[in-house]
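First comes the structure, then the notes that go with it.
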Amino acid sequence: MNYCSGCHGANLEKFVGRHWVYGKTEDAVFTTIKEGKSDIGMPGFAAAFNDNEVRNLVAYILKLGDQTAFNQTKGVVQPKVHQSEKLKYYVDTVLSGLEVPWGMTWLPNGDMLITERSGKLLMYTTGKKLISIEGVPKVYEFGQGGLLDIELHPEYRKNGWIYLTYAYYAGKTLEDGGSTALMRAKLKDNKLVEQQILYKSLPAEKRGVQYGSRIEFDKQNHVYFSVGDRGVEKDAQLLSNSSGTVIRLNDDGSIPSDNPFVNNKDALPGIYSYGHRNIQSLNFNPWTGELWSNEHGPKGGDEVNIIKPGKNYGWPVISFGINYDGTILTPDTAKAGMEQPMIYWVPSIAPCGSDFVKGNLYKDWSGNYLVGSLRFKYVVRCEIKDNKIVHQEKILKDIGRVRNVVQGPDGYIYVAIEQPGKIIKIVPVN
């Protein structure tokens, strides 16, 4: 009661018989406590209380107000249990009050690092403190551009390197354009230090679309990251620029000697694959070792692909989508020398963020591939057989625009959502 009594009475008696300005349902009161109402001076308590503590407080407040029609068991409000085809689960809000959370990763001590597209790098500690990290590079915040993905080096405990992708300024103003860059830095005293820019994709464009970007490491510590076509479709078919590509580098930014175009004088040596529109996820399949991606099509034609060295994935020569105005983009969905997607979605779901489910915590989902949907505000659970997606199920329906899906080191699946900006985790129910 120490948090609440100053404004609401020693025993929260000011809630009795009150007029509920912001809603009197369990969800409405829960949201107000977690996120606050800054315009009236009500702070949010996401950092002070976990979800179960907030639910207990909601139950107490509503009981005081004679709101007895809520599901309570021994004074504890029970979370809503969802039934998927193979698993029961409930949703726990880990952190709210965010803007557009993009990347998530965890330090060895359990602290979570979160990128915000606006250019903020946040650390949510195991002690439930939210800390803003200093020293973040200035980002080209234009349309879909900004601070993007974040990953730790696989040997982080030894070397301390953190990798980030972001939209960089090609000049001094927005008019000079920008594109996607990869950098690495170390974290010291809540500040990024020893910053090294490893790659800047070209050309820079004053366009607000298609930056990518996700980061992934292989077992040899090569770093892969995706660059969108920057809204210039034809560039995705040119090896002389990095638009619409997956780039592969050594962890220090140098070019691996076995990259597919390293001996092609007309190609950028960092290119690993090309012909992509806007890859929004990269994951190595832990069972096959293959690099999987999902990427945005235009109006329809979103794809899941297995990325192979030197391959052309066809954009914009082939596509299962059409132009946004309904006109035909290309009559071809297949062509010699161009890869076919594993699956595609029509209409477009705007896939963003994905991960493979591992371990026994989600026993009946183990081996599945989870893909977030920005457009339709759900997660797609994909079942895999013989290295093919054979079944799909929509879960977390209407949860919000899903920006990322990551299985954390604790085994739980975390989902980053925008509008409203928050991070939730899926908790299985036995």
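The values are calculated or read from the model by the stated rules, or taken from the named source; none is laboratory data. None of the values given here were measured: they were computed from a predicted structure. Cβ atoms come from the backbone with ideal geometry, glycine included; neighbour counts cover every protein chain shown. For the accessible areas, the whole protein counts, side chains as well, though only heavy atoms, and no ligand, DNA or RNA atoms are used. Shrake-Rupley method; radii C 1.70, N 1.55, O 1.52, S 1.80 Å.
Structure data summary
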item	result
Selection count, segment 187-222, where residues are over 23 Å from Asn404 (Cβ atoms) and either under 21 Å from the mean Cα position of the chain (by Cα) or part of a strand (DSSP E or B) (or both)	9
Selected residue (only one of Leu174, Leu182 is without any contact (Cβ under 8 Å) to a residue 60 or more places away in the chain and either more than 17 Å from Leu113 (Cα to Cα) or buried (at least 21 other Cβ atoms within 10 Å of the Cβ) (or both))	Leu174
Number of positions in segment 276-288 that are open to solvent by 50 Å² or more (accessible area, probe 1.4 Å) and β-branched (Val, Ile, Thr)	1
Among (1) among the β-branched types (Val, Ile, Thr); (2) without any contact (Cβ under 8 Å) to a residue 60 or more places away in the chain; (3) closer than 30 Å to Leu87 by Cβ; (4) surrounded by 21 or more Cβ atoms within 10 Å (Cβ to Cβ), the one test that Ile307 misses	(2)
Qualifying positions in segment 328-338 - open to solvent by less than 50 Å² (accessible area, probe 1.4 Å) and within 26 Å of Arg214 (Cα to Cα)	Met338
Flag for Gly314 being open to solvent by less than 10 Å² (accessible area, probe 1.4 Å), out of contact with any helix residue (DSSP H, G or I) (no Cβ under 8 Å at 6 or more places or on another chain) and under 30 Å from Arg381 (Cβ atoms)	yes
Residue match in segment 349-359 (condition: of a type in the set (Val, Ile, Thr) and either on the phi > 0 side of the Ramachandran plot or in contact with a strand residue (DSSP E or B) (Cβ under 8 Å, 6 or more places away or on another chain) (or both))	yes
Top-ranked residue in segment 408-419 [being surrounded by fewer than 19 Cβ atoms within 10 Å (Cβ to Cβ) and touching a Leu at 6+ places or on another chain (Cβ under 8 Å); ranked as farthest from Pro286 (Cα to Cα)]	Tyr412
Qualifying residues in segment 280-327 (those that are of a type in the set (S, T, N, Q), assigned to a loop (DSSP other than H, G, I, E, B) and under 25 Å from the mean Cα position of the chain (by Cα)) - the one nearest to Asp235 (Cα to Cα)	Ser319
The lone exception for Asp325 - which of (1) free of Cβ contacts under 8 Å to residues at least 40 places away in the same chain; (2) under 28 Å from Ala47 (Cβ atoms); (3) open to solvent by 40 Å² or more (accessible area, probe 1.4 Å) it fails	(2)
Which listed residue, of Gln392, Gln340, Gln407, Gln419, is within 14 Å of the chain's Cα centre (by Cα) and at pLDDT 95 or above	Gln407
Within segment 347-399, tally of residues that are open to solvent by 50 Å² or more (accessible area, probe 1.4 Å), closer than 22 Å to Pro428 by Cβ, in a loop (DSSP other than H, G, I, E, B) and not aliphatic (A, V, I, L, M)	6
Residue identified as touching a strand residue (DSSP E or B) at 6+ places or on another chain (Cβ under 8 Å), touching a residue at least 40 places away in the same chain (Cβ under 8 Å) and more than 23 Å from Val371 (Cα to Cα) among Leu239, Leu249, Leu282, Leu291	Leu249
Selection from segment 97-128 of residues that are crowded, with 19+ Cβ neighbours inside 10 Å and of a type in the set (Gly, Ala, Ser)	Gly103
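Residue by residue, here is whether (1) among the aromatic types (Phe, Trp, Tyr); (2) open to solvent by 10 Å² or more (accessible area, probe 1.4 Å); (3) at positive phi holds:
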site	(1), (2), (3)
Val227	no, no, no
Asn241	no, yes, no
Val246	no, no, no
Ser254	no, yes, no
Ser257	no, yes, no
Asn264	no, yes, no
Gly270	no, no, no
Tyr274	yes, yes, no
Glu290	no, yes, no
